[in-house]
1. Would you check which residues across the stretch B:199-217 are touching a residue at least 24 places away in the same chain (Cβ under 8 Å) and part of a loop (DSSP other than H, G, I, E, B) and list them?
2. Which members of the stretch B:5-31 meet the condition of being in contact with a helix residue (DSSP H, G or I) (Cβ under 6 Å, 6 or more places away or on another chain) and either facing another protein chain (nearest Cβ under 9 Å) or assigned to a loop (DSSP other than H, G, I, E, B) (or both)?
3. Does at least one position in the stretch A:258-281 carry a residue that is modelled with pLDDT of 90 or more, in contact with a helix residue (DSSP H, G or I) (Cβ under 6 Å, 6 or more places away or on another chain) and either over 27 Å from residue A:123 (Cα atoms) or surrounded by 15 or more Cβ atoms within 10 Å (Cβ to Cβ) (or both)?
4. Could you count how many residues in the stretch A:24-39 are free of Cβ contacts under 8 Å to residues at least 24 places away in the same chain, out of contact with any helix residue (DSSP H, G or I) (no Cβ under 9 Å at 6 or more places or on another chain) and either within 14 Å of chain B (Cβ to nearest Cβ) or closer than 16 Å to residue A:449 by Cβ (or both)?
5. Would you be able to tell me the number of residues in the stretch B:38-51 that are closer than 13 Å to residue B:1 by Cβ and more than 9 Å from every other protein chain (Cβ to nearest Cβ)?
6. For residue A:187, which of the numbered conditions (1) over 18 Å from residue A:127 (Cα atoms); (2) assigned to a helix (DSSP H, G or I) fails to hold?
7. What are the residues in the stretch A:405-422 that are in contact (Cβ under 8 Å) with a residue 40 or more places away in the chain and assigned to a loop (DSSP other than H, G, I, E, B), if any?
8. Out of the residues in the stretch A:329-350 that are surrounded by 22 or more Cβ atoms within 10 Å (Cβ to Cβ) and not in a helix (DSSP H, G or I), state the one that is nearest to the chain's Cα centre (by Cα).
């Protein structure tokens, strides 16, 4: 087996791993039989979900076939290595969509199932796991298992949101829904500060299909957290033409699916643009660019659904030291107090935040799923000792306010903090060990969290 | 499409399906073939049949009957299958040598031979073979593989000559490095090509009386240089 230097998207975790990219089922089974292993899809997790130096990394990107489709019954069955871009390209001209999509088209369906991801519409559509009707899983000790809520429900429950620790997700049958519109009517509403942003997201979510907010926390004055709320509503073809007088991407057109591949493991020189001094100016510029013209626009579906496309450079701009993302799900009831405490800590540390976003959430917590009701609040900071101290203090704050940290996003989250935040942490671990006593599957995440 | 479950074969199958061709796929494992066939049929709305066959034990008559039963008379035949082993250097086990010869050469001859009469006078027909730059000059490494690919190239040369008065066209590619599992992690002395790019060029050339060409073309310079190297120098190269 070859070795390859692999990096998480945040570049916090960089490891040299045994690596293979099988393109036949037998090769995959052979790779899994020989050692501890972990499946790797797009390799775009912020934390090291798809590699470990103690495991054979088996890249399943060649297992990217659409194997069955029934539009009238509303499902598509795809292999785990199918990217969301490929799925979009297939479904959109046929008038369907997967209603829960994370922000980059390169992400694979297997990764979406494993991390039970969310999109910009979690408050209305829930998490990706809701769409999974059934799975075909391969584990060298258990063979091939078909799992659903009715068939092997224990395996199904552990696999959806199980961080790839139950086996290869060979295929997934996903619920698809009729595409509500062929484009997105996008609006931006400026907000003056962080608390106002939370309140506005909460108020606007009922009238929109998608919503998120960008906040500037690189400046920590009175207007700390100023930014803009982005709302999106599906529009029909007629409405789209009314707005712009030209057709946009959609079921009848050819969807735009060309994008630059994102490879955090690629060896290249990375400039450190987000220095503490530059960050406030970069954010100020970004704020100005996005609030200068706030008239509604019609945005092609692909562009709105995958906002990271075209902004891949952002992930490079922290330089080789990388960054850390802390994404926390906070209860809505105490958001006012949380914001006050959060800003106090931030001002005391004096470290600028490169990026902050807010989304609305509605759901039920389960095992290690990043799901529940309230607000999804995300910050990204440069990977420096000062920021690590800041994040450690924020961990305590989040525990105090009942927040849960997104495991797939945070590459420094400790087992002790995760255990405090996720009431079912030990239950998940016990069930995982009961299913796989030898713990054949291991990733950087599972090792850090001692799962 | 013989050798359709992975790599270049799968990429050519996809390029053909995207151009609206119905396909019949052959490879060693049914599970891999079924997935590729389903994907192409669903995405491109074409008819895709398949048959799992170990080429070391190929049955051209059975294959011909399966193809005819599923799709009727074929227009194009692609022999893309190939196998190589790292131990292919000097004396190797007989079964390994037999497999290398069968998959890289004899099965190709037998299958093309089985379809030859069907294809010869079809004006839409092409017979496409995939060789390797490894066959440009005999050397220590990949000795049986290179020999088999040279044999296949020679057979395609005879095919082209035989079919010259007929309608069917013949194309043979001396393929350079490809980004496949075979080259994964290797430090290659020359750039590798994406299978999808190679597939597109191969499909673009359908209908042309091409003979044997290098893919990418710049490999012609490298193989020519290797062939021209005086023996006193060539014998010292560890390639």
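The values are calculated or read from the model by the stated rules, or taken from the named source; none is laboratory data. This one's a predicted model, so the numbers in the text were calculated from it and none came from an experiment. Cβ coordinates were reconstructed from backbone atoms using ideal geometry, including for glycine residues, and neighbour counts include every protein chain displayed.
1. Correct list: B:205, B:206, B:207, B:208, B:209, B:210, B:216.
2. B:5, B:7, B:10, B:22, B:27, B:31
3. Looking through the stretch A:258-281, none of the residues is modelled with pLDDT of 90 or more, in contact with a helix residue (DSSP H, G or I) (Cβ under 6 Å, 6 or more places away or on another chain) and either over 27 Å from residue A:123 (Cα atoms) or surrounded by 15 or more Cβ atoms within 10 Å (Cβ to Cβ) (or both).
4. The qualifying residues number 1.
5. Qualifying residue count, the stretch B:38-51: 5.
6. Of everything listed in (1) over 18 Å from residue A:127 (Cα atoms); (2) assigned to a helix (DSSP H, G or I), residue A:187 misses just condition (2).
7. Within the stretch A:405-422, A:406, A:407, A:408, A:409, A:410, A:411, A:412, A:413, A:422 meet the criteria.
8. It comes out as A:329.
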